Each structure stands twice: as C-alpha cells, then as structure tokens.
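The values are calculated or read from the model by the stated rules, or taken from the named source; none is laboratory data. Since the model is a prediction, treat every value here as computed from it, not as a measurement. Note that each Cβ is placed from the backbone with ideal geometry, even for glycine, and that neighbours are counted across all protein chains shown.
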Amino acid sequence: MTKTNLYKKKIKQVKRNDDGTFQRLCDFAELKKDPYIEQWLNNIKSKRQRLSLMQEFCNFVEKTPKELAREHQDDLQLDPLKRTRIAKKQLNAFFGYLTGTKDKKWKSTLNNKEREKTISWNSARQYVFSKLMSFYSRLGIPVKYAKKDKPKEKDKNVREKTWRHDGEIIKKENMKSFLKKIKDSFSNILDRSIFYSKLSSGLDDVDLFELKIKDFKRGYLQNYGICYLQGNRKKDGILYQTFLGTEACESIILYLRDRQRKGEMIFDESGNYLDKALNYWLFVGKKRTNGSYSKMKPRYFTETMKETIEKLNLENITPKSLRRWFNSWLTRNSINKGVIKRFMGQKVDVQDKHYNLMLEQAKEGEFQDLTKFYYEKIDELISLGNGVQKLTQVDKKIERMEKLLGKVTSENEKLKEQLAKTNKKLQSYDKNLEEIEKIKTQIDRISGIIKELKI
C-alpha cells in the first residue's frame, strides 16, 4: 500500500448493539500509529472526532499526515513571493467539500470530489478552522489566517425556550397547571411514571434511564413514600443526590406491577422483589428475542412529549425544559440554590453548613435528614395533584377484575370436567343402546325361525 492511499479505505469491524443487532464502526488503528498524528493528539482527550476528520481530509487530498506537514513546512521556507500557500488551499477546498457550497470563494478547486452527505456551514467551520488547523499548530508550523479570510459564522436558529399556549406566553405561575394537563394526556402508566420522575428529580433522560430496579429498591423510604437517588452523571461524571417524589414512586410501583401482570417476573408471591429482577432496567424499551427488555432510549420520551404538546397546542415544552422548570420552580420557592444544583448534578460547592452537612451525611448512607428536608419542603411543591390516586383506584379495579376472572376461569374448568364426565356417560349409554339393538335384532331373527318351525 502506497503512502498516498494509506488512509484511503476505512477499516471496518463488526460489533453488536445492546439489542443484539450489528453495527459497523470505523477503526483508526493505522492512522493512530502515524508519529505526526501521535504528536498532534498528545494529551488531547477527545481523539476520535479528530481522527475521523483527519482520515477524511487525507482521503480528500490523497496525502498522508507526513506529506501534509512537510509540504506546508517547505512552503513556509520559500521566499514570501514564491509561496503557494498549499495548506490554506487544501483547508479551504476541504471546507467547500464538507459543506457542498456553490460559493466560488469556498467551492473546492483541488478536485471534483463530492461528499455524499454534506454538513452544516458552522459545523464545518469549527472542524476545519479549529480542530484540523490544530494539526499544524501543534507541530509548530501553524497555518495563519486573518479573521477576514475565514468563512463567517452563520446565524444560528436558536430554539425558543419560552413555554407557549395558542401562541401566548405561559406565565410562570401558570406553568404547573399546564404540566397537569400534559400528565392527564398520557395514555399509559409508563409515560406518567417517566414524567413524574423527571419533575421530581431534575434528572435528564440519560441519567434517569440508567436507573435499575435495585436503585429504586435501595433508595425507597416507605415511611415517606419517596426514593433517594445518588450517582454520577454520564455526561461529565458530576455527583447528583436527588429524590423521586411520592407521586413518582407510587406511579413507578404501579408500573412495575403492570410489567409483572404482562409476564415479567419482578415480584414473588409475597410482593417482594426477586433477586434476578434487581438488575432489570427501571424503565424498559422493547422486548428482545431472548425475552429480556432493552434499556429505554431518551428518544422515546422526546417523541411522546412532542406528540402530547402538539395535541394540547403547546410549544417549547420538551423533556429538557422539564429540568429547567425544576430548577426555576424550586428557586422561585426559595430552596437553597446549592442544594438544587446538587439535585440536578451540577458542579457546586454548597456554602451553607447546614445543607452541606445533610448532603455529606447522605453520601455516607445517612440520608434521613436530607429525606425529611425534601419531603417537607419540596415534595408538595412539585406535586401535580391526585393523578396517582386515580391510577391507584384503577389498579385496584384491575386487581378485582383479575380475581373475578380467576374465579370464572376456575369455574369454567370445573364445568369442562363435568361436561367431559357427562360425555363419557353418554358414550357409554350409546354403546349400551347399540348392544340392545343387536340383541333385539337377534331376538327378531330367532322369533322368525320359530314361526317357520311351527308351520
């Protein structure tokens, strides 16, 4: 393999997804061995995106990292009037290639290659004139650009965060009433459980869907009806210490019972958690071919929320905005800001000694004081009303119906047994009738013979 096509073809390897299906991943093993790449990525944490970008750049210009660095360095050593500015031409052309722009200033002139799927202007600007240019600067041969020579950043379409109903802004004091309407619009216990959990904990979808049944069992405090949760956010590893409120916990328990009714073995006959069920996801997605359930994906609830708010003619209320509501609502009601940030898993030093002591004790497993604080000061603030009571009543009705169905099924089985016995008796009677008919036929035949003898 020659130098110019060393990175021409991406090496593929096959791996399995969580649900058992296969995925194809790029392997940058060859590229990472290049000494110029090693120098470039030394002490950089996020290497993968840069490797992918460099590999595509090398494929585009059909050169190795060494050739790119050497020809730029050679160009810098020439008389200023004789320089070709090869690196700038390559970077500009690559920007045009990534965006697919028709702008003459940025349209690729090095070759006729076209990218199958282009990327946004601002993303390409960041990739080329920041990440890719760092390759040269970290080798000590920076490519110098005047500000006017770089493509200008285009205005971003910033998503509006203001909650609206029928186009009108929803006032902060009315937000909770609209949250109730959203809750009442959910058609199943799963959606309500997720909704209650997000409102009461301040967790984002990724961290919420990382929870397992053992996390709920371990933190559930029956005397208060709330659940203490502690962990580190997947996004940045920052500690969170938060709670699932009473409505969330009641709803989750009903949700787990519903899963049990549908065939998933979670509780024993006494209502205690089975050991094997403790490692099940608290919120589950699709059923796999092996009978287990996959972890819930954030996209599911995002789509559910989107459909619901469209039906209610609401705007800008997303799963992420529920987290913001949790923050602003507790702040509005004078809850300590440091405590709120710890609930949400945001980096903070809690200055208040009283609250700091509660949080530190909770980290060590003594969370009674923090639990009492949440129960007395916060649980009522984020409560949406009697929605769970209605669900409990429905659950009890379902249980009564299931018991009645069990009795009917049992009686039906008994009737089937009696019917089977009756059928056997009838079959026996039929056989006896057949025998009687045979005997009668024989008697008639003998009677005929006797009459003939008398004659």
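Residue-by-condition table, conditions (1) of a type in the set (G, A, S); (2) under 30 Å from H165 (Cβ atoms):
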{"residue": "G271", "(1), (2)": "yes, no"}
{"residue": "N290", "(1), (2)": "no, no"}
{"residue": "Y293", "(1), (2)": "no, no"}
{"residue": "P298", "(1), (2)": "no, yes"}
{"residue": "T304", "(1), (2)": "no, yes"}
{"residue": "E310", "(1), (2)": "no, yes"}
Please pick out the residue among L274, L282, L314 that is in the same structural domain as K347 (by TED's automatic domain parsing) and either at pLDDT 95 or above or within 30 Å of M358 (Cα to Cα) (or both).
L282
Is there a residue being assigned to a helix (DSSP H, G or I) and crowded, with 19+ Cβ neighbours inside 10 Å anywhere in segment 272-286?
yes
Kindly indicate the residue of segment 42-90 that is under 31 Å from the mean Cα position of the chain (by Cα) and crowded, with 16+ Cβ neighbours inside 10 Å and also farthest from R138 (Cα to Cα) among those meeting that condition.
E56
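Yes/no matrix, rows are residues, columns are (1) over 19 Å from the mean Cα position of the chain (by Cα); (2) touching a residue at least 40 places away in the same chain (Cβ under 8 Å):
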{"site": "I194", "(1), (2)": "no, yes"}
{"site": "D205", "(1), (2)": "no, yes"}
{"site": "K217", "(1), (2)": "yes, yes"}
{"site": "Q222", "(1), (2)": "yes, no"}
{"site": "N232", "(1), (2)": "no, yes"}
{"site": "G237", "(1), (2)": "no, no"}
Would you please list the contacts, defined by Cβ atoms under 6 Å and residues six or more apart or on different chains, that run from a residue in segment 319-333 that is within 20 Å of E303 (Cβ to Cβ) to a residue that is hydroxyl-bearing (S, T, Y)?
P319/T302
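Just for helices (runs of 4 or more DSSP H) wholly inside segment 288-393: which have at least 2 residues that are farther than 21 Å from C249 by Cα?
298-311, 319-332, 337-344, 353-363
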Considering every residue within segment 249-268, establish whether at least one is in contact with a strand residue (DSSP E or B) (Cβ under 7 Å, 6 or more places away or on another chain), within 20 Å of Y228 (Cβ to Cβ) and part of a loop (DSSP other than H, G, I, E, B).
no
Given the conditions (1) within 31 Å of the chain's Cα centre (by Cα); (2) at pLDDT below 90; (3) of a type in the set (A, V, I, L, M), and given that M401 satisfies all but one, which numbered condition is not satisfied?
(1)
Note down all Cβ pairs under 6 Å where the first residue falls in segment 112-135 and is assigned to a loop (DSSP other than H, G, I, E, B), the second is small (G, A, S), and they're at least six residues apart or on different chains.
T118/G100
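May I ask you to say which residue of E380, E417 is under 31 Å from the mean Cα position of the chain (by Cα) and either modelled with pLDDT of 75 or more or assigned by TED's automatic domain parsing to the domain that holds Q222 (or both)?
Sole residue among the options that is under 31 Å from the mean Cα position of the chain (by Cα) and either modelled with pLDDT of 75 or more or assigned by TED's automatic domain parsing to the domain that holds Q222 (or both): E380.
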Would it be correct to say that I443 is over 57 Å from the mean Cα position of the chain (by Cα), at pLDDT 75 or above, surrounded by 10 or more Cβ atoms within 10 Å (Cβ to Cβ) and not aromatic (F, W, Y)?
yes
